[in-house]
Amino acid sequence: MQPTQVAVVIVQRPSDGAVLIDQRTADNKLAPGKWEFPGGKVDQGESLTATACREIKEETNLTLAESSLKELGVCEQRGEYAVDVHFFHTMQFTGAAIPSGEVAALKWVLVEDIPALKDFLPNERGQTEWLLQVLS
């Protein structure tokens, strides 16, 4: 079975370097109420960058240009589910961050504060040290 492909975007605010995270809804089947970076599954025939832009728009109301996305790397997660999480970064976006019905809330946080967030997804919390190096 092929791993599920997921595109995640680290949207970083240029003014203070904070990154946008979202909170999963209480009825989410996997990790309800947990915080994570916005993103989602790649639809059949869709590119990773198109997925990243679509998911950000759907979850946060922000608009991204595919050309603004810098690929940071891939995290292969194996266990109950096989998932390849493709991380992207951008500091270029338009619109105001407004949570959609797909997410419970949005929050801007400094990357170095993520390890202290009690309800951050453990698999993404593990990427924080790597993200700090990549984003600096």
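Cβ-Cβ contacts under 9 Å between residues 6 or more apart (or on different chains), taken from a first residue in the range 35-53 that is farther than 29 Å from residue 113 by Cβ to a second residue that is surrounded by 14 or more Cβ atoms within 10 Å (Cβ to Cβ) and β-branched (Val, Ile, Thr), are listed as 42/6; 42/51; 43/51; 50/42.
Among the residues of the range 25-39, those identified as of a type in the set (Gly, Ala, Ser) and farther than 14 Å from residue 11 by Cα are 26, 31, 33.
Quick check on residue 49: is it β-branched (Val, Ile, Thr), over 24 Å from residue 110 (Cβ atoms) and modelled with pLDDT under 95? Taking the combined requirement at face value, the residue does not satisfy it.
Candidates are the residues of the range 22-34 that are touching a residue at least 40 places away in the same chain (Cβ under 8 Å) and in a loop (DSSP other than H, G, I, E, B); the one that is farthest from the chain's Cα centre (by Cα) is 26. Contact map, the range 65-80: residues that are among the β-branched types (Val, Ile, Thr) paired with residues that are at pLDDT below 95, Cβ distance under 7 Å, separation 6+ or inter-chain. Pairs shown: 74/84; 74/85; 74/86.
In the range 52-84, the qualifying residues are those that are at pLDDT 95 or above, under 23 Å from residue 2 (Cβ atoms) and among the charged types (D, E, K, R), and the one that is surrounded by the most Cβ atoms within 10 Å (Cβ to Cβ) is 55. Listed conditions (1) exposed (fewer than 14 other Cβ atoms within 10 Å of the Cβ); (2) among the aromatic types (Phe, Trp, Tyr); (3) in contact (Cβ under 8 Å) with a residue 60 or more places away in the chain are all met by residue 87, apart from (1).
Meeting the requirement of 3 or more residues that are in contact with a Phe, Trp or Tyr (Cβ under 9 Å, 6 or more places away or on another chain), the strands (runs of 3 or more DSSP E) wholly within the range 36-97 are 70-77.
The values are calculated or read from the model by the stated rules, or taken from the named source; none is laboratory data. Source: prediction; values computed, not measured. For neighbour counting, all protein chains shown are included, and Cβ atoms are generated from backbone atoms with ideal geometry for every residue, glycine included.
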